[in-house]
Amino acid sequence: MSRTTFFEVEILDAKTKQQLCFLDKVEPHATIGDIKGLFHRLYPHWYPARQALKLDPRGKSLRDDEVLQSLPVGTTAIMYFRDLGPQLGWTMVFLVEYLGPLLTYLLFYFRVPYIYSHSHAFTASPHPVVTLACACHTFHYLKRLVETIFVHRFSHGTMPLRTIVWNCAYYWGFSAWLAYYINHPLYTPPSYGDLQINYALAVFVMCELGNFSIHLTLNSLKNGSRNRKFPVPTKNPFTWLYFFVSCPNYTYEVGTWVGFSIMTQCVPVALYTLLGFVQMSIWARGKHKAYGREFKDYPSLRMAIIPLIL
Amino acid sequence: MSAAAAGTSKAAHGPDVASKKRKGPGALATAYLVIYNVVMTAGWLVIAVGLARAYLARGSYHGLYYSIEKPLKFFQTGAILEILHCAVGIVPSSVVLTGFQVMSRVFLTWAVTHSVREVQSEDSVLLFVTAWTVTEIIRYSFYTFSLLNHLPYLIKWARYTFFFVLYPMGVTGELLTIYAALPFVQKTGLYSVTLPNKYNFSFDYYTFLILVMFSYIPLFPQLYFHMIRQRKKVLGQVEDYSKVE
């Protein structure tokens, strides 16, 4: 004779605390994902991806794979619901976020009419560095697209619509702004000529390779066992930056854009680099603190993003 | 100094205050803020008096800016300290919001009125200076009394009522001033950088000013309605409390 104690799940709105639904006869081994499915049937416009269910109205959202009976609840579980807003699948998100700048820049490179004065429509710049910059910029975003499709594994399946709109405005807008100057008929090539361009190109390429190496390393980490490990240097010399920083992918990304700034000697690019550096430093410090909290044997030499400094 | 003691004793009641995530300014911070707000109130009163005296002396509204130019610059620029207050945490306001408000005033004072001499004799300058003066006198005295836990209802009422007229008045004055500055900015290329140059950068201050003017369209209604909502919240409770808190 099997006795399955069924659970009851009461879902309240996290803000108003009103009861949104009461589910009875829920299997104890049901997952949060299953519960979200049931909730979706009652409220069809709240598809599971936009539901956040929590045990505490202000706490963290429960993961979809968590099992009901393993949660710290009695047989009547009270959960709080928050609407995350419209969501978009991550593939769409990154395709849009990265294709935008890639294509926008090309519009300026080919001097599509109405951007510059009419006499310059569809002309080419006499400076080789302009073509080089276009190649680098295009390569950078192609690499990101390839990584998005083939390399990265994302923990959240979706992203809220508002975030995407803001991100797109930022990426597209900045890329248009810096492309405008680099491809302008009155563009001035770098003061130190080929020496400056080649040096900057070397930095750019090294950092792109470095960034890619780190992404591969992080990917192999997520393939591993359930036990979480923090990333460590491997045989690849590019990963040796892990001796010094927690987030070398961000370090290399900043390096890429520093290289691009020096290559083009263009203030808008430098500004974009600076803003990117500020944002990535914030992310890196957050990640660094999280690593420190989660792993007791975390190397103390490591900083967040800049070796020995930040 | 009983207000200061009240400040510290509030912080001492740990659990319920901790749930608000902020302990409130300590005794020293409260004293500093009181002094700051008193000084600012006095400063803007000086500007008000300066305006009145100049008007009475000249008999016309024209060119009153020159009589209060220095205190206006000093006290309006001094308001930058308020951003610091939020950043440090002794004032529970958003750094971004305060920063935005203060910098927009500073922008108008220095980057428009000071920089484009030709607009200084415009009547629109008097319009926004008057609006700012009345607003700031009320606002800083409001803060002063609040910090001392002795806020006369009249000040609270004034703060949340005068804005109905002062906001549109100030905005009109500001917009007209920027508009008046446009031809001079375009003619002289003020604060503008053109191509070609070594750093491949350009900035057209004229276009920038036009964009600033357009930005008033989404921003002003938001701020205005925010104040209206605040008014309902703050003055709506008047039936529950006595006139002097």
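Count neighbours as other Cβ atoms within 10 Å of each site's Cβ, and list the trypsin sites (Lys or Arg not before Pro) in the range A:1-103 that are DSSP loop with at most 14 such neighbours. Intermediate results must be reported in sequence, preceding the final value.
Values: sites: A:ARG3, A:LYS15, A:LYS17, A:LYS25, A:LYS36, A:ARG41, A:ARG50, A:LYS54, A:ARG58, A:LYS60, A:ARG63, A:ARG82; in loops: A:ARG3, A:LYS15, A:LYS17, A:ARG58, A:LYS60, A:ARG63.
Loop-located and lightly packed - A:ARG3, A:LYS15, A:LYS17, A:ARG58, A:LYS60, A:ARG63.
Sequence gap of 8 or more, or different chains, plus Cα separation below 21 Å: how many lysine pairs satisfy both in chain A?
Count of close lysine pairs: 21.
I'd like the FRET efficiency for A:LEU218 and A:LEU88, computed as 1/(1 + (r/R0)^6) with the beta carbon distance as r and R0 of 25 Å, rounded to 0.05. Don't skip to the answer; put the middle values down first.
Numbers: r = 23 Å, r/R0 = 0.93.
Rounded to the nearest 0.05, the efficiency is 0.60.
Can you run phi through the Karplus equation (6.51, -1.76, 1.60; θ = phi - 60°) for the range B:88-97 and list ³J(HN,Hα) in whole Hz, with x for Gly and Pro?
Calculated HN-Hα couplings, in order: 6, x, 7, 10, x, 10, 6, 4, 4, 5 Hz.
Along the range B:135-140, what does the Karplus equation 6.51 cos²θ - 1.76 cosθ + 1.60 (θ = phi - 60°) give for ³J(HN,Hα), rounded to whole Hz, x for Gly and Pro?
4, 5, 4, 5, 5, 5
Run through the DSSP bridge list for chain A and note the antiparallel percent, rounded to the nearest 5. Walk me through the intermediate numbers first.
On the way: 13 of 20 bridges.
Taking every DSSP beta bridge with both residues in chain A, the antiparallel ones total about 65 percent.
Based on the alpha-carbon gyration tensor of chain A, what equivalent-ellipsoid semi-axes (square roots of 5 times the eigenvalues) come out, in whole Å, largest first? Write down the numbers at each step before the final one.
Details: eigenvalues 431, 129, 43 Å².
The equivalent ellipsoid of chain A has semi-axes of 46, 25, 15 Å.
How do A:116-127, B:157-168, A:187-198 rank on mean C-beta neighbours within 10 Å, highest first? Intermediate values should be presented prior to the final figure.
Values: A:116-127: 12.1, B:157-168: 16.6, A:187-198: 14.8.
Answer by packing, highest mean first, reads B:157-168, A:187-198, A:116-127.
For B:PHE162, what is the net charge nearby, where nearby means another residue's Cβ is under 13 Å from its Cβ and Lys, Arg count +1, Asp, Glu -1?
Numbers: positive: B:ARG139, B:LYS156, B:ARG159, B:ARG231; negative: B:GLU136.
Charge balance near B:PHE162 sits at +3.
For the range A:1-88, which chymotrypsin sites (Phe, Trp or Tyr not before Pro) are in a loop by DSSP, counting at most 16 other Cβ atoms within 10 Å? Before the final figure, lay out each step's value.
Numbers: sites: A:PHE6, A:PHE7, A:PHE22, A:PHE39, A:TRP46, A:TYR80, A:PHE81; in loops: A:PHE6, A:TRP46.
Of the chymotrypsin sites (Phe, Trp or Tyr not before Pro), the ones in loops of the range A:1-88 whose Cβ has at most 16 other Cβ atoms within 10 Å are A:PHE6, A:TRP46.
What distance in nm separates the simple spin-label points at A:ASP56 and B:THR188, each placed 7 Å from Cα in the Cβ direction?
Distance between the two pseudo-spin positions: 6.0 nm.
Could you tell me the number of lysine pairs in the range B:134-245 with C-alpha atoms less than 25 Å from each other, where the two lysines are 8 or more residues apart or belong to different chains? Working shown, then result.
On the way: B:LYS156/B:LYS232; B:LYS156/B:LYS233; B:LYS156/B:LYS243; B:LYS187/B:LYS198; B:LYS232/B:LYS243; B:LYS233/B:LYS243.
The number of close lysine pairs in the range B:134-245 is 6.
Can you report the principal axis dimensions of the range A:75-220 using only the alpha carbons, biggest first, rounded to whole angstrom?
74, 37, 22
According to a simple spin-label model (label point 7 Å from Cα along Cα-to-Cβ), what is the distance in nm between A:LEU103 and A:VAL151?
Going by the 7 Å Cα→Cβ label model, 2.4 nm.
Can you bin the range A:186-289 into rounded, prolate or oblate? Criterion: square roots of the alpha carbon gyration tensor eigenvalues sorted a ≥ b ≥ c, rounded for a/c under 1.5, prolate for a/b above b/c, oblate for the rest. Mind dumping the intermediate values first?
Details: a/c = 3.44, a/b = 2.00, b/c = 1.72.
Verdict is prolate for the range A:186-289.
Enumerate the residues in the range B:154-198 having an amide nitrogen under 20 Å from the point lying 7 Å beyond the Cα of B:PHE208 toward its Cβ.
Only B:174-198 fall inside the zone, counting backbone N under 20 Å.
Hey, what do the phi angles of the range A:168-176 turn into as Karplus ³J(HN,Hα) couplings, whole Hz, using 6.51/-1.76/1.60 and θ = phi - 60°, x for Gly and Pro?
4, 4, 5, 4, 5, x, 5, 4, 5
Between B:LEU219 and A:HIS45, what is the label-point separation in nm under the 7 Å Cα-to-beta-carbon projection?
3.4 nm
Gain in length, A:HIS127 to A:CYS21, computed as 0.36 nm per residue apart minus the alpha-carbon separation, to one decimal in nm?
Working: separation 106, 0.36 × 106 = 38.16 nm, distance 6.59 nm.
That works out to 31.6 nm of additional length.
Which shape class, rounded, prolate or oblate, goes with the range A:73-114 when its Cα gyration tensor gives a ≥ b ≥ c as root eigenvalues, a/c under 1.5 marks rounded, and past that a/b bigger than b/c marks prolate?
Values: a/c = 8.62, a/b = 4.91, b/c = 1.76.
Because a/c hits 1.5 or more and a/b exceeds b/c, the range A:73-114 counts as prolate.
Among rounded, prolate and oblate, which fits chain B when a ≥ b ≥ c are the square roots of the eigenvalues of its C-alpha gyration tensor, a/c under 1.5 means rounded, and a/b larger than b/c means prolate?
Values: a/c = 2.09, a/b = 1.60, b/c = 1.31.
Judged from the Cα gyration tensor, chain B comes out prolate (a/c at least 1.5, a/b above b/c).
Find how much the distance from B:TYR153 to B:ARG231 grows on full extension, using 0.36 nm per residue of separation minus their present alpha carbon separation; answer in nm with one decimal.
Values: separation 78, 0.36 × 78 = 28.08 nm, distance 1.29 nm.
Value of the extension gain: 26.8 nm.
Considering amide H positions built from the backbone, and no H for Pro or chain starts, which residues 5 or more places from A:MET79, or on another chain, come under 5 Å of its amide H?
Under 5 Å from the amide H of A:MET79 lie the amide H atoms of A:GLU10, A:ILE11, A:LEU12, each far enough along the sequence or on another chain.
Are there trypsin sites (Lys or Arg not before Pro) in the range A:168-228 that DSSP puts in a loop and that have at most 13 other Cβ atoms within 10 Å, and which ones?
Numbers: sites: A:LYS222, A:ARG226, A:ARG228; in loops: A:ARG226, A:ARG228.
Those that pass, being in a loop and sparsely packed, are A:ARG226, A:ARG228.
Just the number, please: percent antiparallel of the DSSP beta bridges in the protein assembly as shown, rounded to the nearest 5. Walk me through the numbers on the way to the answer.
Details: 14 of 21 bridges.
Bridges in the protein assembly as shown that DSSP calls antiparallel: roughly 65 percent.
Using a Förster radius of 35 Å, what is the FRET efficiency between B:GLN101 and B:ALA27 based on their Cβ-Cβ separation? Nearest 0.05, please. Numbers along the way, then the final one.
Working: r = 28 Å, r/R0 = 0.79.
FRET efficiency, B:GLN101 to B:ALA27: 0.80.
Using the Kirkwood radius over C-alpha pairs as Rh, can you work out the diffusion coefficient of the range A:110-184 via Stokes-Einstein at 20 °C, viscosity 1.002 mPa s, in µm² per second? Could the numbers behind the result be given before it?
On the way: Rh = 14.9 Å.
Stokes-Einstein gives a translational diffusion coefficient of 144 µm²/s.
Compute the convex hull volume of the Cα atoms of the range A:1-46, divide it by the residue count, and report the result per residue in Å³ as a whole number.
Numbers: hull volume 3.6 nm³, N = 46.
Expressed per residue, the convex hull around the Cα atoms of the range A:1-46 is 77 Å³.
Shielding by partners for B:191-201, please: the mean number of other protein chain Cβ atoms within 10 Å of each residue's Cβ. Could you put the intermediate results ahead of the total?
Values: counts 0, 0, 1, 1, 6, 5, 3, 6, 8, 17, 8.
Taking the mean over all residues of the peptide, I get 5.
All of the numbers you see were taken from the coordinates with simple rules; none came from a lab. Keep in mind it's a predicted model, so treat the numbers as computed, not measured. In this analysis, Cβ positions are derived from the backbone assuming ideal geometry, glycine residues included, and neighbour counts consider all displayed protein chains.
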